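S.K.: Let me give you the structure first, and then I'll get to my questions.
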Amino acid sequence: MNYPFWDVPLLGGGLVIALIAIPHVFVSHFAIGGGIFLAWTERIGIRKGKPEYIAFAKRNTLFFVLMTLVFGAVTGVGIWFSIGLVHPDATSALIHNFVFGWAMEWVLFLVEIAAALLYYYGWDRVDQKTHQFIGWAYAGAAWGSLVVINGILAFMLTPGRWVETGGFWTGFFNPSYFPSVLIRTCVCLALAGLYALLMASREPAGETHDKLVRYASTWLLPAFIGLPIFAAWFVFTLPSLAQDMFMGRAVVLTIFAALSLGISAIIFAFAYLIAYRNPQSVSTPVALLFLVLGLAVTGVTEFGREAARKPYIIYDYMYSNAVLKRDVARLQQEGVLRNAKWALVSKATPQNALIAGREIFTLACAHCHTVDGYNGVRLLVKGWPEPFIEHQLTYLDQLKGFMPPFVGNPEERRALAKWLASLNPSALPARTAAAATDSLSADPLARGEAAYSVHCANCHTIDGRNAIRQHVKGWTQSIAYERLGRLESLRGYMPPYEGPEAERQALAAWLASIGNDAPAAGGAR
Amino acid sequence: MNEAIIPSIDPIALPAPVWLMQFLSGLTFIFHVIPMNVVLGGGVVALFLAVWGKRGSRKNHVRLARRMTSVLPAAIAMTITLGVPPLLFLQAMYGPLFYTSSVLMAWPWLSVIAILLVGYYGHYYFSLSNDFANPRALVVGAVAVVAFLVIAFLYVSNMTLMVMPERFLGIQRSWTSGFLPFTGDSIFAPRFLHFITGAVSVGGLLAVFVGLLERSDAEFKAVAVRAGGFTFVGATIVQIATGIWFLIALRPRVMMLFMGQDHVATALFGVAVLLALVAVALILVAVIGKKRPWMTIAGTACIGLTIIIMTVMRSIVREAYVGTRFVVAEQPVNPAWDVVVLFLVLLVAGTALVGWMIHAVVTRRGLAAS
């Protein structure tokens, strides 16, 4: 709310960042691994008298140099541009804390670029010893840039004590710093190996082809051994909510983690069973396929790592919607609109509810949601009556752990609910909608059912998943009434019931009625 | 809509005094702007020479264009790499202005990345083509040149908008917000043209140096020095004219700073104009007199000094435009000297290492020789 919001229809800002960041992460890791690969391969060629290794390193230098200089550098700047547009507050916080970290990374990048170019131009100009030195300078600077930038990336997920103390080094050497840097190093070597496999596969069939393919496949060995250990260490350092999300609380994240593991396992199996044991069978299309799988695993892993940070952009400090954690209570009192510099209205009223609701959506939700595209909110609230939406907003962080708390005041919450409900004007069956909004309905069971749809139906169905009928079996109205008063003590993850008294009575009556009824034909509602 | 809305300053204090960050920002900007001018102006001049040379079968002009383009890919790498720190320090100090103006022209601003990739690969193609025998090379070269002109346009647009916070709200409320670059101020056109003509001047100097470095072919040397020299002189005269236009287009209170109201600003302006005129005179004499490379070097040094002074003037204009609405020096600072020193040590060590490596490769004297 401090900065104007860049509205990216359909895609959303997050996907714009991902579209630039994923290729960059792939190429940059690959380029870092490439620096080490070239220097090491040349070294083996010199030490062991294997000219084919030297020739192989020489042939592949231009590609790595071009990847580093052009694509790596430009997309790296691209990430910077995109995060500044999508998350100016978070970018500003990172830059204020780590400006000299970035500056150090830049020095290392400068050395990397210069060394890479000189390594390329120096092949036939300088003696082997000097050329090797330049090669190691290239590799060392490239890896050094990873060592530095990793501190800032890991900080966003696990800032650790920085949240209380501040300071460069506390944030830099954060809990996930070391496992992250080790994971990334393994990935660099593996990606360089996959690329080398592709290049080796293009050699004419024969001894050199097999030797180079086998040699390239050994570059996946550090990742094969190291990744499971370092990944387990990494997960151990994560905040418990992020761990839970990986372990099933956020299904998409669990799927991404499983995909990352599965694809990695396939790549390693290929590297050992085919490339190492049967190098003669490695053809260019197969090697290319596995390089593409390398890109895929980079994509899902990065996506998962970014998603694990939810509901924060900088953990425990700033939420995804750029609201500082420490400001939430204040904003829930004062309201977001009053604190928003760029909003069309400064207060939500019944008269301006739809305009205010749209503005609040932009301020509080649009960093992660679009209206109709990626994570589109229209579909997410389809079928939800307005009071139910408002209830969801009230307990947003409790119902969905990966979402931040709603940061507006009650009037703003109502306005947002109204606007969200207006996205699907005819979504509700008439009876439910009328019952939900008409608290004076004569039929207490209808009022009870409406209250159920508002307060319970987000997590429960009547007869399907998490069936409410099973939970209330045998309850009388008085038991139901009593238990509605202490829901949070029945199950720690349930929010307390906070509806009006009359509605609680109606809901208790309805619960008692279904608890003693047979299931309706037709199953889950 | 003329109310100036400026986002609040980040609650995290800056890790170094503002003066140090301004110094580092200015210093690195100078190192960025030199290769940037080579890319922008060198590309324009090389493309013109290539097209003109091919049309009239002027072999030496084509050869000159070919030599100039060979410098461009490395110059682009330098431009990008050396452009990182000034942008970094700019964001640290002027975030509330810079992020806002960027968001207000988000799509054009983000498109810089895609355009840069096109221009970068385009110049590689352009530079690797064999004397532009394939007409496609000229087309790709033209695309690359246009790409860098567009990038310059977008940078001038954003850097101009960021110092005009009174424009922010009007743009944010407009339906074009995020879609169009900012051109709606009278300083935009002269500022853009001033920088473009400056780049073409540097492109001319590049041609002169290609000529001066030629040892065997006297005819080629003469053509290169002459073509480059006249390009430099012509473009610099136009640049001085656009500079005057730029000065007049500034807000009167800002213009007056350079017209005597502020002694330092006025002195800097005077020296900059003088140096540019001296450079023109030196290069003109060097070109006509043919055998005076020291004059060319002295002229180039004058241009180097002018760029340094212009960088300081640019920062004076920025501060004056924003005025008291955003005083960069008033930001909270909590120096982390250990980190600053580590950066400086790394910078010195890294620069020394790069210097040694360049020396080793260029002179072919490496570790074995020592």
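Taken together, the values in this text are just the output of simple stated rules run on the coordinates, not laboratory data. Nothing here was measured: the structure is a model prediction, and the numbers come from that model. No Cβ is skipped: glycine too gets one built from the backbone with ideal geometry, and neighbour counts run over all protein chains shown.
S.K.: Using a Förster radius of 35 Å, what is the FRET efficiency between A:Phe173 and B:Val264 based on their Cβ-Cβ separation? Nearest 0.05, please.
M.R.: Values: r = 44 Å, r/R0 = 1.25.
So, using R0 = 35 Å, E works out to roughly 0.20.
S.K.: Right, here's the next one. Which residues does a label at B:Glu330 reach in region B:148-172, if reach means a backbone N under 16 Å from a point 7 Å past the Cα toward the Cβ?
M.R.: What the label zone holds, given the 16 Å backbone N cut-off, is B:165-166.
S.K.: Cut-off 14 Å, label point 7 angstrom out along Cα-to-Cβ of A:Leu295: give me the residues of region A:25-54 whose amide nitrogen falls inside.
M.R.: A:25-28, A:30
S.K.: Pairing the Cα long axis of helix B:293-322 with the longest principal axis of chain B, what angle in degrees results, from 0 to 90 and rounded to the nearest 10?
M.R.: It works out to around 20 degrees.
S.K.: Which order do A:Ile314, B:Ile115 fall in if you start with the one that has the fewest other Cβ atoms within 10 Å?
M.R.: B:Ile115, A:Ile314
S.K.: In the neighborhood of A:Trp143, defined by Cβ-to-Cβ distances under 13 Å, what is the net charge if each Lys or Arg adds +1 and each Asp or Glu adds -1? Mind showing how you got there, number by number?
M.R.: Details: positive: A:Arg184; negative: A:Glu105, A:Glu112.
Result for the local shell: -1.
S.K.: Taking the protein assembly as shown, how much of its Cα-Cα pair set, in percent, is spaced more than 56 angstrom apart?
M.R.: Numbers: 82833 of 400065 pairs.
Roughly 21 percent, once rounded to a whole number.
S.K.: For region B:206-214, what does the Karplus curve 6.51 cos²θ - 1.76 cosθ + 1.60, with θ = phi - 60°, yield as ³J(HN,Hα) per residue in whole Hz, taken in order and with x for Gly and Pro?
M.R.: 4, 4, 4, 5, 4, x, 5, 7, 6
S.K.: Which residues in region A:353-386 place their backbone N less than 19 Å from a point set 7 Å from the Cα of A:Leu344 along the Cα-to-Cβ direction?
M.R.: A:353-367, A:370-372, A:377-378
S.K.: Shifting gears a bit: So what's the angle, to the nearest 10 degrees on a 0 to 90 scale, between helix A:13-47 and the longest Cα principal axis of chain A?
M.R.: On a 0 to 90 degree scale, this one is about 20.
S.K.: Taking amide H positions as placed 1.01 Å from N in the peptide plane, with prolines and chain starts having none, which residues 5 or more places from A:Met318, or on another chain, fall under 5 Å of its amide H?
M.R.: Placed amide hydrogens put A:Ile313, A:Lys325 under 5 Å from A:Met318.
S.K.: In nm, to one decimal, how far is the A:Arg277 label point from the A:His471 one, both placed 7 Å along Cα→Cβ?
M.R.: Going from the A:Arg277 label point to the A:His471 one covers 5.2 nm.
S.K.: Okay, next question. Classify region A:339-385 from the C-alpha gyration tensor, please: rounded if a/c falls under 1.5, else prolate or oblate depending on whether a/b exceeds b/c.
M.R.: Working: a/c = 3.25, a/b = 1.48, b/c = 2.20.
Verdict is oblate for region A:339-385.
S.K.: Once you put a point 7 Å from the Cα of A:Asp127 and another 7 Å from the Cα of B:Trp107, both along the Cβ direction, what distance in nm separates them?
M.R.: The two pseudo-label positions are separated by 6.0 nm.
S.K.: If R₀ is 51 angstrom, what is the calculated FRET efficiency for the pair A:Val251 and A:Lys48, using the beta carbon separation as r and rounding to 0.05? Could the numbers behind the result be given before it?
M.R.: Values: r = 51 Å, r/R0 = 0.99.
Taking R0 as 51 Å, the efficiency between A:Val251 and A:Lys48 is 0.50.
S.K.: In whole Hz, what ³J(HN,Hα) sequence does region A:61-66 give by Karplus (6.51, -1.76, 1.60; θ = phi - 60°), x for Gly and Pro?
M.R.: 5, 4, 4, 5, 5, 5
S.K.: Considering only C-alpha atoms, what is the centroid distance from region B:244-299 to region A:106-183, in Å?
M.R.: About 42 Å separates the Cα centre of region B:244-299 from the one of region A:106-183.
S.K.: Compute the signed sum of charges (Lys and Arg +1, Asp and Glu -1) over the other residues within less than 14 Å, Cβ to Cβ, of A:Tyr276.
M.R.: On the way: positive: A:Lys211, A:Arg214, A:Arg277; negative: A:Asp210.
So the environment of A:Tyr276 carries a net charge of +2.
S.K.: Within 13 Å, Cβ to Cβ, of A:Phe98, how many net charges do the neighbouring residues add up to if Lys/Arg are +1 and Asp/Glu are -1? Intermediate results must be reported in sequence, preceding the final value.
M.R.: On the way: positive: none; negative: A:Glu105, B:Asp10.
Within the 13 Å Cβ shell, the charges total -2.
S.K.: Give, in nm to one decimal, the length gained when the segment between B:Glu219 and B:Ile237 is fully stretched (0.36 nm per residue of separation minus the Cα-Cα distance). Walk me through the numbers before you get to the answer.
M.R.: Numbers: separation 18, 0.36 × 18 = 6.48 nm, distance 2.70 nm.
Gain on stretching B:Glu219 to B:Ile237: 3.8 nm.
S.K.: Let me ask something additional. How do A:Tyr315, A:Tyr272, B:Tyr125, A:Tyr119 line up, fewest other C-beta atoms within 10 Å first?
M.R.: Values: A:Tyr315 26, A:Tyr272 15, B:Tyr125 19, A:Tyr119 30.
Placing the least packed residue first, the sequence is A:Tyr272, B:Tyr125, A:Tyr315, A:Tyr119.
S.K.: What FRET efficiency comes out for A:Ile266 versus A:Leu11 if R0 is 30 angstrom and r is the Cβ-Cβ distance? Round to the nearest 0.05.
M.R.: Details: r = 30 Å, r/R0 = 0.99.
It comes out at approximately 0.50.
S.K.: Once amide H atoms are placed 1.01 Å from N in the peptide plane, what residues at a sequence separation of 5 or more from A:Thr461, or on another chain, have their amide H within under 5 Å of its amide H?
M.R.: A:Ala467, A:Ile468
S.K.: With only Lys, Arg, Asp and Glu charged, each at its Cβ (+1 for the first two, -1 for the last two), find how big the charge dipole of the protein assembly as shown is about the Cα centre; round to the nearest 20 debye. Working shown, then result.
M.R.: Working: 65 positive and 47 negative charges, 523 e Å.
Using Cβ point charges on Lys, Arg, Asp and Glu, the protein assembly as shown gives about 2520 debye.
S.K.: Looking at the square roots a ≥ b ≥ c of the eigenvalues of the Cα gyration tensor of chain A, which shape do they give, rounded for a/c under 1.5, prolate if a/b is larger than b/c, or oblate? Please list the in-between numbers first.
M.R.: Details: a/c = 2.97, a/b = 2.08, b/c = 1.43.
It comes out prolate by the Cα gyration axes.
S.K.: Can you sort A:Glu411, A:Glu207 so the residue with the fewest Cβ neighbours within 10 Å comes first?
M.R.: Working: A:Glu411 17, A:Glu207 11.
Neighbour counts put them in this order, fewest first: A:Glu207, A:Glu411.
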